[in-house]
Amino acid sequence: MIRTSRYRLRSPLGGLAADLSARALPPGKAAVPCVRIHRGVRLLLPDSGLYWEDLAWLSFVVALRSEELCARYPRGLDLEIVSLDFPLAHYRPEVAALVMDGWLREEFGLPGAGIACTYSGGTEPYAFSWGGAEPPLRSPRC
């Protein structure tokens, strides 16, 4: 079943937003391009593709949760990304990680992992927290 998760953070700048539609499948049931995250956990890509930064952030969060997923699904698990939608005016690539974390928590009943974002103002108005993990990349701000 396809589940859609929505991430919203309102701020004086407008905020950040993204919608992720995805579904969990038994391993090997879909013949589409994929990224192997950890053991039998794969991220299946949508037909329309993804921007490389979005894929990096989606993969990052799945990797952070992969031990929990492998424990629950020792034979493996495919996570099919159906769509990742966002308004360009209210988006940074890191938001892909935030919405993916929300989707994983909703789909599998996982506890929070300390992945969050707050508005802090200033030259870097958004402060991202990755639960103690080192982020996969630092997005340059133009």
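The values are calculated or read from the model by the stated rules, or taken from the named source; none is laboratory data. For clarity, every value in this text was computed on a predicted model and none was experimentally measured. So basically every Cβ, Gly included, is an ideal-geometry build from the backbone, and we count neighbours across all protein chains shown. Note: areas computed on protein heavy atoms with side chains; ligands, DNA, RNA excluded. Shrake-Rupley method; radii C 1.70, N 1.55, O 1.52, S 1.80 Å.
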Exercise for the section: Within region 29-56, count every residue that is more than 22 Å from Asp19 (Cα to Cα) and assigned to a helix (DSSP H, G or I). Expected result: 0
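Return the residues of region 113-127 that are farther than 13 Å from Asp101 by Cα and outside any loop (DSSP other than H, G, I, E, B); say none if nothing qualifies. Quick ask: steps written out before the conclusion?
Initially, region 113-127 is screened for residues farther than 13 Å from Asp101 by Cα, giving 118-127.
Thr118, Tyr119, Tyr126, Ala127 - these are the residues of region 113-127 that are farther than 13 Å from Asp101 by Cα and outside any loop (DSSP other than H, G, I, E, B).
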Handout entry: Matching residues in region 24-54 - criterion: being open to solvent by less than 60 Å² (accessible area, probe 1.4 Å), within 19 Å of Thr4 (Cα to Cα) and without any contact (Cβ under 8 Å) to a residue 40 or more places away in the chain
Key = Arg42, Leu43, Leu44, Leu45, Pro46, Gly49, Leu50
Problem - Residue identified as acidic (Asp, Glu) and farther than 21 Å from Leu110 by Cα among Asp47, Asp78 - result: Asp47
Exercise for the section: Please list, ordered by first then second residue, the pairs with beta carbon atoms under 6 Å, 6 or more apart or interchain, first in region 1-19 and closer than 9 Å to Tyr119 by Cβ, second open to solvent by less than 100 Å² (accessible area, probe 1.4 Å) and among the small types (Gly, Ala, Ser). Expected result: Leu9/Gly15
Completion exercise
Filter region 57-76 for residues that are of a type outside the set (Phe, Trp, Tyr) and not in a helix (DSSP H, G or I); the one that is nearest to Arg138 (Cα to Cα) is Gly76
Handout entry: Matching residues, region 94-106, being open to solvent by 50 Å² or more (accessible area, probe 1.4 Å) and acidic (Asp, Glu)
Key = Glu106
